[in-house]
Amino acid sequence: MNAWRDFFIGTLRETGKTLKLLARNKMGMFGFLMTLLIVLLSLFGPLIWPPETSANVADINQGPSLKHWLGTDFQGQDNLRKVINGGKDIVTIAFLTGLIATTIAVTVGSISAFIGGTLDSMMMELVNIWLTIPKFPLLAVIATVIKLNDIVTLSILMALLDWPGLARQVRAQVLSLKKRDYIEAATMLDLGTRDIVFREILPNMMSFIVVSMIFTMTFAIYQQTGLVFLGIVPYSSSNWGVMISAAERRGVLFTASASWSILAPMGAIVLFQLALITFARSLEEVFNPRLRTSV
Amino acid sequence: MVERITNNFILRRIVKALFTVWLVTTITFFVIRAMPGNAVDILIQDLTAQGMSADDARTQAASLLSINLNAPAHEQYLEYLANVTRGDLGRSYKSRGLFVTDLVVQVLPWTLFSVGLSLLITFVLGIALGAIIAYTRDSWIDHLISNLAAMLDAVSPYLIGLLAILLLNVTWKLVPLSEMRGALSPGIQPEFSFEFFADAFTHVKVLLLVYVLASVGSWILIMKSNTITTLGEDYVTVARARGLSDFRILTAYVGRNATLPLFTRLAISIGFAVGGSLLLESLFTYRGVGFLLARAISERDYPVMQGVFLVITISVVAANLVADFLYGWLDPRIRIAGGGN
């Protein structure tokens with residue numbers, strides 16, 4: 001229990017330090033706040049602006065106006081309201097996939113680094129092989145066979161495909177931390193592997209882990225919207241990917257007045273991906289001072 | 001002797017590549033057959049629904065997937081492996097009787113052409129721009145290109161494709177949609193003529209632009225950081241102290257050492273571009289392997305799906321192999337270290 005408490009406190013302290021450093025970085029703060037805004041709006045926005053239930057024939061495919069900031073779609077529904085209501089799926093899938101993939105990667109990567117020897121080289125050989133397999137086509141093929149009816153199954157599937165690259169980075173990170181003086185001292189004092197891992201190594205790796213998780217999240221967004229575009233993921237719920245796909249199927253791409261139905265959800269995805277990446281990049285800079293001057 | 005063989009760089013890479021292809025063949029075999037929602041069963045059900053007797057449906061399904069349904073699973077698997085080795089990937093279910101191998105052979109050159117050409121452009125452009133902004137660090141050019149590169153790197157390739165269609169075709173009306181679709185105009189035959197190449201390029205240009213925009217960002221950023229790292233090395237300082245010209249330092253010392261690590265990245269990018277072709281080719285209806293796979297997926301044509309995915313993987317693995325050899329040839333240290341993992 002003690003180890004857990006120390007891990008928790010250590011992580012909190014690291015988070016506080018990181019946020020303080022982040023506040024000095026303008027782009028990073030922008031990315032962080034934008035991410036926060038998108039997540040909050042996606043989760044709680046639908047409570048304030050619930051989805052429209054009926055079509056609005058008088059207002060089909062309008063451009064932006066004071067009444068409809070982002071125009072209307074082929075049913076005359078407000079695009080902005082649809083965007084607010086379509087974020088929940090994407091945000092949840094991205095977060096779940098990132099979380100699961102990172103958990104697997106941290107576990108495999110640190111075990112590999114700690115045990116070393118034959119197990120380590122075998123695992124890394126497998127990871128390298130896994131990395132050469134084209135991931136998105138494989139995901140698409142598997143997704144046609146498995147019935148993907150819920151967000152959790154999809155996230156688990158994507159996480160199972162996406163963890164290997166991360167695991168290799170985690171392994172490298174653990175190997176380098178292992179060689180630091182204070183860890184070697186702790187090992188020599190025989191403080192116990194569990195204590196060393198939870199008190200010394202993991203808290204020091206938290207920012208790195210968060211950064212990797214965010215990169216996986218953006219990839220998950222790409223994969224999820226891609227699967228919707230290919231028509232593999234069920235169409236039932238409305239999210240940004242479905243909005244793009246529905247508009248595309250309606251031939252919206254070829255009518256200038258209707259292009260807002262595609263631009264609105266597209267903008268939302270791009271903004272979310274950009275926000276996540278700027279946030280991650282600045283975290284990296286905060287985490288690794290050598291990058292601060294070079295990027 | 002045994003040690004010499006296991007340490008052989010080329011042999012090890014080839015064995016690894018073969019192992020990868022075997023692994024993927026096995027995965028697709030079991031994904032298509034053993035997963036819940038078994039594709040074989042769906043196929044048989046479909047055929048019976050079309051009025052075929054149960055026995056006929058089974059025979060037909062077996063011949064389409066080129067498997068023997070009466071044999072036990074492990075025999076089916078071995079037979080499938082043997083068929084794949086002979087180049088027999090089964091037959092299409094939707095376009096009856098067409099061999100998957102023939103379908104792939106028709107479209108593969110177009111993907112190799114578009115992906116290969118775009119990678120070449122990306123590679124050259126990425127290295128040049130990355131080196132330039134590393135040299136002009138903190139100037140407005142550096143900030144402009146770095147920020148643009150970071151933005152392009154963050155956005156999904158298929159969104160860039162959508163935006164390209166919206167802007168070029170709908171908003172600015174620069175490129176007619178017919179020029180974005182298909183690999184060739186009707187009536188043009190593949191031959192060594194100016195007309196053919198001009199037409200092929202007309203059809204591929206927007207797709208090329210999207211591929212390059214989608215991947216050049218990460219190349220620029222990596223080349224920039226590699227160049228900056230190399231600039232800080234002792235031997236560059238020594239070269240400066242010796243009074244060598246900037247140009248000589250850039251080409252002989254910095255360029256070479258900053259570019260070398262990018263060759264391993266080339267291999268990963270090939271896989272990513274081929275994977276991305278699944279979305280981009282179907283967005284642009286460009287008839288390559290990605291388009292074929294996307295169509296097979298939407299029609300649930302399992303034999304084609306399985307075969308095309310296998311061919312995509314083999315191409316990516318082969319490209320990786322070539323990139324590895326290229327890297328080993330350019331940087332002898334890799335060969336001596338025996339892999340450098």
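Can you tell me which residues in the stretch A:111-125 are within 11 Å of another protein chain (Cβ to nearest Cβ) and crowded, with 16+ Cβ neighbours inside 10 Å?
Of everything in the stretch A:111-125, those that are within 11 Å of another protein chain (Cβ to nearest Cβ) and crowded, with 16+ Cβ neighbours inside 10 Å turn out to be A:Asp120, A:Met124.
Of everything in the stretch B:11-28 that is over 21 Å from B:Leu78 (Cβ atoms) and in contact (Cβ under 8 Å) with a residue 12 or more places away in the chain, the residue that is surrounded by the most Cβ atoms within 10 Å (Cβ to Cβ) is B:Ala17.
Across the stretch B:29-47, the qualifying residues are those that are within 11 Å of chain A (Cβ to nearest Cβ) and at pLDDT 80 or above, and the one among them that is surrounded by the fewest Cβ atoms within 10 Å (Cβ to Cβ) is B:Phe30.
Among the criteria (1) in contact with a Leu (Cβ under 8 Å, 6 or more places away or on another chain); (2) of a type outside the set (D, E, K, R); (3) within 11 Å of chain A (Cβ to nearest Cβ); (4) surrounded by fewer than 23 Cβ atoms within 10 Å (Cβ to Cβ), the one B:Leu266 does not fulfil is (3). Pairs linking a residue in the stretch A:1-21 that is at pLDDT below 75 to a residue that is among the β-branched types (Val, Ile, Thr), with Cβ atoms under 6 Å and 6 or more positions apart or on different chains, are A:Thr18/A:Val286; A:Leu21/A:Val286.
Of all residues being within 30 Å of A:Tyr222 (Cβ to Cβ) and among the hydroxyl-bearing types (Ser, Thr, Tyr) in the stretch A:145-192, which is surrounded by the most Cβ atoms within 10 Å (Cβ to Cβ)? Just the residue, please. Ranking the qualifying residues of the stretch A:145-192, first place goes to A:Ser155.
One line per residue, one yes/no per condition, for (1) within 22 Å of B:Leu119 (Cα to Cα); (2) facing chain A (nearest Cβ under 9 Å):
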position: B:Ala241; (1), (2): no, no
position: B:Ala258; (1), (2): yes, no
position: B:Leu292; (1), (2): yes, no
position: B:Ser298; (1), (2): no, yes
position: B:Phe309; (1), (2): yes, yes
position: B:Val322; (1), (2): yes, no
position: B:Trp329; (1), (2): yes, no
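Scoring B:Asn257 on the criteria (1) touching a residue at least 40 places away in the same chain (Cβ under 8 Å); (2) assigned to a helix (DSSP H, G or I) leaves a single failure, condition (1). Candidates B:Gly290, B:Gly271: the one that is under 17 Å from the mean Cα position of the chain (by Cα) and at pLDDT below 85 is B:Gly271. Where helices (runs of 4 or more DSSP H) fall wholly inside the stretch A:76-157, the ranges with 2 or more residues that are modelled with pLDDT of 90 or more and more than 22 Å from B:Gly275 (Cα to Cα) are A:87-115.
Here the stretch B:161-183 is the region considered, the condition is being more than 9 Å from chain A (Cβ to nearest Cβ) and in contact with a Leu (Cβ under 6 Å, 6 or more places away or on another chain), and the residue that is surrounded by the most Cβ atoms within 10 Å (Cβ to Cβ) is B:Gly161. Among the conditions (1) of a type outside the set (Gly, Ala, Ser); (2) under 25 Å from B:Ile270 (Cα atoms); (3) surrounded by 15 or more Cβ atoms within 10 Å (Cβ to Cβ), the only one that B:Thr85 does not satisfy is (3).
Could you go through the stretch B:201-213 and let me know if any residue there is surrounded by fewer than 19 Cβ atoms within 10 Å (Cβ to Cβ), within 16 Å of B:Val124 (Cβ to Cβ), over 17 Å from the mean Cα position of the chain (by Cα) and at pLDDT 75 or above. Within the stretch B:201-213 (the criterion being surrounded by fewer than 19 Cβ atoms within 10 Å (Cβ to Cβ), within 16 Å of B:Val124 (Cβ to Cβ), over 17 Å from the mean Cα position of the chain (by Cα) and at pLDDT 75 or above), the answer is no, since none of the residues qualifies.
The values are calculated or read from the model by the stated rules, or taken from the named source; none is laboratory data. All of these numbers come straight from a predicted model, not from anything done at the bench. A quick note on method: Cβ atoms are made from the backbone with ideal geometry, for glycine too, and the neighbour counts reach across all protein chains shown.
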